[in-house]
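To start, the structure itself, in structure tokens.
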Amino acid sequence: MHKLIINGGKALKGEIKTSGSKNASLPILFSSILADEPLVLSNIPNTSDVSTTIRLLMDIGGEFILESNGDMYVDSSQIKNLVADYKIVKTMRASILALGVMLAKYGKAKVSLPGGCAIGTRPVNLHLKALRELGAEIEIKNGYIYASANGLVGTEIYFDRITVTATENLIMAASLAKGTTVIHNAAQEPEITDLCKCLNSMGAKISNIGTSTLTIEGVTNLKGVKYSVCSDRIEAGTYLVAAAITRGSITINNICHQSMRSVLGKLIETGADIKTKKNSISLDMKGRRPKSVNIKTSTYPNFPTDMQAQFTALNTISDGYSTITENIFENRFMHVPELSRMGANLSLEGNTVICKGVESLTGTNLMATDLRASASLVLAGLIAKGTTTIERVYHLDRGYETIEEKLKLLGADIERVQD
Ligand code: EPZ
């Protein structure tokens with residue numbers, strides 16, 4: 001296992017490039033199961049969740065080639081084994097996305113129940129309810145979902161609550177269903193828009209893309225395409241917070257700022273100077289201490305839960321009081337006790353953290369627990385006095401491509417070492 005060692009106190013300066021979006025790459029990789037021909041995908045990030053997805057696709061009979069120019073050739077058109085095994089699913093919950101595509105293409109699927117994770121119980125009841133409404137027979141036995149269908153049939157789907165991967169599962173299943181499906185209360189995250197654009201380029205007929213009511217007219221087959229995945233708005237947001245917390249000045253390239261309005265608004269509230277161009281965002285704190293900002297997480301286009309931990313870290317050293325309310329997951333505050341061990345003044349009341357900004361944090365030994373909590377510990381280490389060591393950084397590697405290399409490019413004193 002690896003750990004990160006950070007010597008804090010350096011204001012970040014310089015330019016980096018955003019990688020492709022993890023949360024767009026995963027459903028798009030799974031959509032290769034729907035196609036009769038290979039996909040050639042670019043801008044896919046080199047993260048462990050992507051590697052896990054590729055391992056799963058190969059496990060079931062898919063073919064994968066990493067081209068010399070970085071493009072990924074993915075051919076899942078001839079899969080034989082319609083099983084998403086527990087040994088893979090337990091390492092990545094998004095494996096549930098195998099369900100809708102296998103059902104739509106082959107009328108059969110056996111997918112391990114994902115189980116919970118550090119941030120919550122993460123049920124999949126809404127996925128199963130909606131797939132049953134498309135005509136799937138679904139039974140749960142010995143920790144597995146057994147699903148079958150003699151051809152899915154389009155219908156009106158109403159999601160009781162907004163759910164990202166359930167929306168993605170249904171979009172992909174409905175793409176090859178007979179007739180038309182209308183999904184009401186669909187999630188509107190940019191990663192879903194990217195998936196819909198990729199599916200339409202494969203021959204799907206999805207309309208009202210980017211809204212909460214999606215119409216999908218089923219087609220009989222989908223072809224292979226070349227497609228470049230959108231950039232990762234959460235990665236970009238994380239580095240912007242890294243610049244804010246260290247009172248630095250950075251530019252992030254290869255990112256579309258329109259998908260980050262709620263996050264940029266909060267960064268401006270902390271006192272950051274933000275400049276945006278077509279494909280880049282610049283943040284300059286001009287050496288100022290950030291101001292405290294109140295955060296309430298919600299669904300897109302409101303403030304993303306995936307940026308909550310990062311802003312909690314920022315608030316720990318900001319000037320004043322703040323409240324951070326997590327409305328999406330029931331246990332997404334695993335970073336709070338670790339930040340408190342660095343001297344942060346945080347108290348937890350239900351789903352809200354109350355924070356009083358302190359002048360400085362002190363580096364110490366920390367343990368990463370989940371992807372975004374780990375990112376928040378890195379941000380705290382960048383500003384803490386002395387040395388911070390973060391263990392179990394495999395959590396970080398799930399969603400951040402070479403995080404220490406990008407931070408080094410910005411002047412951070414950070415090393416990855418073997419545990
Ligand atoms: C996706 O998770 C993302 N993962 C998460 O990113 C992100 O935090 C989350 O959406 C919310 O934006 C991927 O895209 C791979 P949900 P997902 O279904 O789809 C409840 C990261 O850090 N729910 O939108 O699993 C659920 O428990 C990760 O990159 C049900 O009750 O989240 C949660 O409280 C973490 N039943 C809420 O809905 C269901 O069947 C929203 O979850 C499904 C969800």
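Every number in this text was worked out from the coordinates using simple rules, so none of it is lab data. All values derive from a computational prediction rather than experimental measurement. A quick note on method: Cβ atoms are made from the backbone with ideal geometry, for glycine too, and the neighbour counts reach across all protein chains shown.
Things to note:
- Cα-based shape type of the stretch 1-138, given that a ≥ b ≥ c are square roots of the gyration tensor eigenvalues and the cut on a/c is 1.5: oblate
- Centroid-to-centroid separation of the stretch 344-402 and the stretch 110-151 [C-alpha atoms, Å]: 34 Å
- Taking the DSSP beta bridges with both ends in the chain, the antiparallel portion is around 70 percent.
- Computed about the Cα centre, the dipole magnitude for the stretch 213-344 is approximately 460 debye when only Lys and Arg (+1) and Asp and Glu (-1) carry charge, each at its Cβ.
- When the listed pairs Lys105/Lys141; Lys80/Lys141; Lys226/Lys406; Lys90/Lys226; Lys17/Lys226; Lys110/Lys296 are checked against a 26 Å cut-off, the alpha-carbon distance exceeds it for Lys226/Lys406; Lys90/Lys226; Lys110/Lys296.
- Candidate aspartates and glutamates - alpha carbon under 20 Å from Lys197, same-chain residues fewer than 8 apart omitted: Asp36, Glu37, Asp71, Asp75, Glu168, Glu189, Glu217, Asp232
- Rounded to 10°, Cα long-axis angle of helix 48-59 versus longest principal axis of the chain: 20 degrees
- Helix axis angle, 164-175 relative to the chain longest principal axis, alpha carbon, degrees: 20 degrees
- Shape of the stretch 59-102, Cα gyration tensor, a/c cut at 1.5: prolate
- Residue-averaged [θ]222 nm for the chain, counting only DSSP H segments that reach four residues, each worth -39500 (n - 2.57): -9000 deg cm²/dmol
- Taking other Cβ atoms within 10 Å as a rough exposure proxy, Met367, Met1, Met334, Met102 sort from fewest to most as Met1, Met367, Met334, Met102.
- Summarising the label geometry, the points placed 7 Å from Cα in the beta-carbon direction at Lys291 and Ser212 lie 3.0 nm from one another.
- Semi-axis lengths (Å, descending) of the ellipsoid that matches the C-alpha gyration tensor of the stretch 272-329: 21, 18, 8
- Which of Lys275, Lys108 has the fewest Cβ neighbours within 10 Å, and the rest in rising order: Lys275, Lys108
- Shape of the chain, Cα gyration tensor, a/c cut at 1.5: prolate
- Listed from fewest to most Cβ neighbours within 10 Å, the set Leu346, Leu222, Leu41 follows the order Leu346, Leu41, Leu222.
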